[in-house]
Amino acid sequence: MKTLKQLLVTLTALLLLTPAFAADELPIPGYGASRDYPGAHLTPDSNTEYKVVFDLVVEDDNLDDPYPMLPLIARYINTLAKLGVPEENRKIAIVMHRGSGLIGLTNEEFRARHDGKDNPNIDLIKMLHAAGVEFHLCGQGVLSRGLEEDDLLDEIQIDYWALTTLIELGRQGYVQIGG
């Protein structure tokens with residue numbers, strides 16, 4: 001009986017001291033998940049399908065640093081995973097318009113348009129996409145900025161118009177964040 005009790009205490013300690021997901025086991029490596037708050041009233045439910053569309057808008061003159069919403073989206077995805085929401089229940093979309101589509105330029109095109117500076121968003125866009133995030137770019141913005149499909153990362157989908165995309169995703173049950 002004493003051995004069984006010691007085994008249970010040891011297993012309990014290991015479970016409590018070992019995080020549910022190590023940082024490298026989360027869908028987006030290098031980005032943490034939110035911290036636990038004991039007794040929180042609302043937390044993500046692992047049986048719920050989370051359909052979220054992030055509406056990204058950025059000014060053209062603010063492109064030297066990584067776009068600040070991308071790390072937040074990475075943390076959100078990692079938090080859902082940490083709390084047991086399976087990948088098939090994490091439906092995340094990003095709609096880019098009014099300048100934010102420029103974060104999706106290839107490095108060569110970004111350099112040509114931004115005084116030789118590298119695009120600081122490429123790695124995170126690729127990681128988010130690999131984790132199932134869909135990137136939608138406003139086709140009207142593509143036309144007005146004289147972009148070609150080859151100017152954009154392969155992870156970026158060009159839609160007719162951001163407004164149409166936001167409405168369509170809303171019709172499909174996505175909750176809009178930002179804008």
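Sequence-distant or interchain residues sharing an amide H contact under 5 Å with Leu152, placed H: which?
Thr106
Between Arg171 and Glu155, what is 0.36 nm times their sequence separation minus the Cα-Cα distance? Round to one decimal in nm.
3.4 nm is the gain from fully extending Arg171 to Glu155.
Quote the Stokes-Einstein diffusion coefficient, in whole µm² s⁻¹, for region 55-144, based on the Kirkwood radius over alpha carbon pairs, a temperature of 20 °C and a viscosity of 1.002 mPa s.
The diffusion coefficient I find is 155 µm²/s.
Looking at region 45-128, which trypsin sites (Lys or Arg not before Pro) are DSSP coil and have at most 12 other C-beta atoms within 10 Å of their C-beta?
Here the sparse-neighbourhood loop sites are Lys117.
Within 10 Å of each residue's Cβ, count the other Cβ atoms and sort Leu163, Leu63 from fewest upward.
Leu163, Leu63
Which aspartates and glutamates does Lys117 reach when only Cα atoms under 16 Å apart count, and residues fewer than 8 places away in its own chain are ignored?
Counting by Cα, and skipping residues close in sequence, Lys117 has these aspartates and glutamates nearby: Asp60, Asp61, Asp64, Asp65, Glu108, Glu109, Asp151.
Once the piece of chain linking Leu163 and Ser46 is laid out straight, how much longer is it, given 0.36 nm per residue of separation minus the C-alpha distance between them?
39.1 nm
Values quoted throughout were computed directly from the atomic coordinates according to the rules given, and no laboratory measurement underlies them. This is a predicted model, so every value here is computed, not measured. Heads up, the Cβs are rebuilt from the backbone with ideal geometry, glycines too, and the neighbour counts pull from every protein chain shown.
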